[in-house]
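The values are calculated or read from the model by the stated rules, or taken from the named source; none is laboratory data. Model, not experiment: these values are computed from the prediction. Methodologically, a virtual Cβ is constructed for each residue, glycine included, from the backbone with ideal geometry; neighbour enumeration extends over all protein chains shown. Side chains included, ligands, DNA and RNA excluded: accessible areas come from the protein's heavy atoms. Shrake-Rupley method; radii C 1.70, N 1.55, O 1.52, S 1.80 Å.
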Amino acid sequence: MATVVIAAVMAPSFITIWVATPSADDVQQRVRQRTDSLGVVLLGEDEVPTQLAEAVVATEDESFYSHRGIDSIGLARALLYDLTNLCLCQGGSTITEQLVKDVYLGGSARGYNKLKELVLALKVEGVITKRQIMADYLSEITTGFGRYGVTSAACAYFHAPLADLTLGQYALLAGVTQAPSLYDPTVNPKAAATRRSYVLAAMVADKMITKDQAAAANAEPVLANGPGC
């Protein structure tokens, strides 16, 4: 039903935008340009820690590994809300869409750009793997005040390389990306801890970790002074 609703509302515009938008063959070049301009590390698809990827999926996009760039159920729910409330309040964006928004649309997915985002997400999914999409997204996403990418966040928050973090630290990084100005642990450690708990609970619900693992991760300090980056 969700797919039918989306198709009925957006199909004519999709066809027009599909023709008008880039092929997405240059997505990796665009990601490289963005990470270079931000001065952050571009992760390879084998450089994203498994627990971090799981935390991000559990929190942001549970159907990430099964959809083709668009979560039709989430999008239909957001569309219905916006139509009911006469606003552009909810986006229902997948991880792929969020990446597209940053590297193709200048960070804006309002109005007509939302349709471009959807089309480009479908195209990107046909060009690079899910693992690379995750790596690209985590390389360039906002992670605090003037901070981008999980590698720089790991150094700033925990003084440790990304590969050497704990479950609690991965959960905190996954949680920060939703509202960096609110959950930045250097600014609001209490809010960051609450958000970390939410992420861990989502991972338990999705059977990625056990309740005991979540409890141990919740007991970790929010910030840490590790060995250095």
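If you check Val150, Val204, which single one turns out to be over 21 Å from Cys229 (Cα atoms) and modelled with pLDDT of 95 or more?
Selected residue: Val204, the only one of Val150, Val204 that is over 21 Å from Cys229 (Cα atoms) and modelled with pLDDT of 95 or more.
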Every listed condition ((1) over 25 Å from Gly146 (Cα atoms); (2) in contact (Cβ under 8 Å) with a residue 40 or more places away in the chain; (3) of a type in the set (A, V, I, L, M); (4) not in a loop (DSSP other than H, G, I, E, B)) holds for Val199 save (1)
What pairs come up if the first residue lies in the range 105-134 and is within 19 Å of Gln29 (Cα to Cα), the second is assigned to a helix (DSSP H, G or I) and open to solvent by 30 Å² or more (accessible area, probe 1.4 Å), and their beta carbons are under 7 Å apart, counting only those six or more places apart or on different chains? Leu105/Asn113; Leu105/Lys116; Gly107/Lys101; Glu117/Lys101; Val119/Phe14; Val119/Trp18; Leu120/Tyr104; Ile128/Gln28
Which residues, taken from the range 95-119, are modelled with pLDDT of 95 or more and among the hydrophobic types (A, V, I, L, M, F, W, C)? Ile95, Leu99, Val100, Val103
Restricting attention to the range 12-58, the residues that are among the β-branched types (Val, Ile, Thr) and modelled with pLDDT of 95 or more number exactly 9
Spans of helices (runs of 4 or more DSSP H) in the range 91-184 with at least 2 residues open to solvent by less than 20 Å² (accessible area, probe 1.4 Å): 95-104, 112-125, 130-140, 150-158, 167-176
So, Leu200, is that one within 21 Å of Ile141 (Cα to Cα) and touching a Cys at 6+ places or on another chain (Cβ under 9 Å) or not? no
Tally, over the range 185-223, of residues that are open to solvent by less than 30 Å² (accessible area, probe 1.4 Å) and not basic (Lys, Arg): 12
